[in-house]
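See structure below.
The values are calculated or read from the model by the stated rules, or taken from the named source; none is laboratory data. Because the structure is a prediction, the values reported are computed rather than measured. Don't worry about glycine lacking a Cβ; one is built from the backbone with ideal geometry, like all the others, and counts go over all protein chains shown. For the accessible areas, the whole protein counts, side chains as well, though only heavy atoms, and no ligand, DNA or RNA atoms are used. Shrake-Rupley method; radii C 1.70, N 1.55, O 1.52, S 1.80 Å.
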Amino acid sequence: MQLVVARIGRAHGIKGEVTVEVRTDEPELRLGPGAVLATEPASTGPLTIETGRVHSGRLLLRFEGVRDRTAAEVLRNTLLIAEIDPAELPEDPEEFYDHQLMDLDVVLADGTEIGRITEITHLPSQDLFIVERPDGTEVMIPFVEEIVAEIDLEEQRAVITPPPGLIDESQAVVVSTRDEEAAAAESGSAEDGSDEAGKDL
């Protein structure tokens, strides 16, 4: 099974290094020197990692045969893909590979069905579940502990505790409107000569 483990960013310096957006919880294993990775687009690979180092909080890689900035720039936005055993699991039991999470049913704590995970988007700050609802619409669920309470692979489901408005946008509007009305009421009552305040008296 193939797993996207990184996306190549900008060239760094003049000796062929590139910045990398890591998309794996195990960069030491997937992106270490000697690793041979397939690519998307396929025409730019396969690529063999020659060296890797962390600079200012970002991973920098150099690939065999890439010796200058021009060659490094050609690789920009290329996805790096590792071949893994489908039965392989992350060392940390609280971590999951994308293929383990795909197609899980998403439910609330009371069992209410929300939908099914159809895609996982990796952002710099967090990962997102793209969940297809029964009516065909989609909702984005941040994969964070505060919202995703449980991943049950045996039952093939993800239990979530979403804040108001994440699943039902109308709830967010209602809450927001109430807050605005309350703020306006407080502001109005504090102002002398307010027409609205006068009508209430």
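One table, with the values for the structure above:
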item: Selection count where residues are outside any strand (DSSP E or B) and closer than 11 Å to F63 by Cα, scope the stretch 33-51; result: 5
item: Filter result (modelled with pLDDT of 85 or more and either of a type in the set (A, V, I, L, M, F, W, C) or within 12 Å of L104 (Cα to Cα) (or both)) within the stretch 155-169; result: E155, Q156, R157, A158, V159, I160
item: Cross-chain or 6+ apart pairs with Cβ under 7 Å, the stretch 142-171 first and farther than 15 Å from Y97 by Cα, then in a loop (DSSP other than H, G, I, E, B) and hydrophobic (A, V, I, L, M, F, W, C); result: A149/A109; V159/A109; I160/I147; T161/A109; T161/I147; P162/I147
item: Of residues in the stretch 95-132 being modelled with pLDDT under 85 and among the β-branched types (V, I, T), the one least open to solvent (accessible area, probe 1.4 Å); result: I120
item: Residue ID - most open to solvent (accessible area, probe 1.4 Å), chosen from residues in the stretch 1-36 that are in contact with a helix residue (DSSP H, G or I) (Cβ under 8 Å, 6 or more places away or on another chain) and closer than 11 Å to I81 by Cα; result: M1
